[in-house]
Every structure is written in C-alpha cells, then in structure tokens.
Amino acid sequence: MEQPPPLTPQEISAFAGSEYAQLGQPQTVKVFGIMHLIFGGFGVLMVLWSLFVLIAGNPFLKLAGNSPQVEMQTKLQADMMSYTIASTALTVWVTGLMIVAGILLLKGRKSARKWSNCYAISSIAVKIINMVVQVVYVLPMMQKMISGMAPGAAGPGVGAMGSVMRASMIGTAVITLIYPVLTLILLNRPNVKTWFANQPA
C-alpha cells in the first residue's frame, strides 16, 4: 500500500498555526490590554502633574515657606527645567503608545501586537536613557544642593547619601523595566503571534 508523502516544513507550520488559531483568544491579550490602559492612566496623571508644576510651580514648596532649604529646592527645580520638559515629552510619547496598544489589544486587532511592541521598545529605551541622565546629570545637582543645605555634613556624609540615591535611581529603573520586558516576551509567544495573524487589521 502506497504511503502518503511526508509533510513539508511549510505544511507542518500551517498545521500548527491552525491548531493555535482554534484555541481562541489567549488570555494574555486581554490581561495586557487592561494593564496597558491602567498604567496608561497613571501616565496621563503624571503628565498632568508635570505640566502643572512646569506652569504653576510645585505647590508643596510654596506651602513650605521661604526657608533657605526651600529656596535651594526651588533653584534645583529651575536648574532641572530642561530635564523635566524632556522627560515629560517622552512620557507623553510612551503613554500614548501604551493607551493605543491597550485599546487595540482589547479589540483583538492584528495591529495591536505591533503597537504593543513599539510601546515596549520605546519604554525600555526611555527608561535606560532616563536612568543614565539621572545618575550623570541629576544626581550631582542634588548632591550639590544637599551640601548647600548642610555645609557641615560635606564629605563622607554627602558621599554616602549620593551612593544611596544612585542605588535608588538604578533600582527604580530596573523595577520599572519589568513590565515592558514582560510585554515583549509574553505578547510575542508563538501561539499569541499566530492568533493575531488571524485577526482583522
């Protein structure tokens, strides 16, 4: 009895893809769609707060009075204006990508994965750049301000505080990288990619 010819790699791939397609929407898609919108909402609040501070100043500093410490913090805020503006603009960009990706994920659109990948890559790049700028540019300014607030504490005390702030900046950046990295990994698994390939644009 004649045996059927063996399946080609293309036929095997198509067969596996059809099995994935029959499984229905992966739960990952809905979960990340909701999470994108939640974190995007936080991003909008951060942008609004940054814009308010840029336009009206920090209300907490105004409530603190006119002590030398407050004056130094106000000067630090003014010196960091360019950094704050650039950081706010990048936050607007990343937040916009996240919200669009979240909406498309919940709608199950084919383009959702592309938008989500764009968000994740942009977010990772921005967080790394922000961490470097904070350590190289912001931290020395903060150390200078601390030295001015407590001249007698200059030297080892300020150096130790600088090390703590540096570790805090790097640790915070690493923690915030977890979500976009998970987004790239979990939304690009074979079953998820195959499901998206069978969805409307």
Original post:
In the set Ile170, Ile99, Ile121, Ile129, which member is at pLDDT 95 or above and surrounded by fewer than 16 Cβ atoms within 10 Å (Cβ to Cβ)?
Top reply: Ile121
**OP:** Kindly list the number of the only condition in (1) at pLDDT 90 or above; (2) surrounded by 15 or more Cβ atoms within 10 Å (Cβ to Cβ); (3) of a type outside the set (A, V, I, L, M, F, W, C) that fails for Lys114.
**Re:** (2)
Original post:
Among the listed residues Ser87, Ser82, which satisfies the condition of being among the hydroxyl-bearing types (Ser, Thr, Tyr) and loosely packed, with under 13 Cβ neighbours inside 10 Å?
Top reply: Ser82
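The values are calculated or read from the model by the stated rules, or taken from the named source; none is laboratory data. Not measured: the values here are computed from a predicted model. Neighbour counts run over all protein chains shown; Cβ positions are idealised from the backbone, glycine included.
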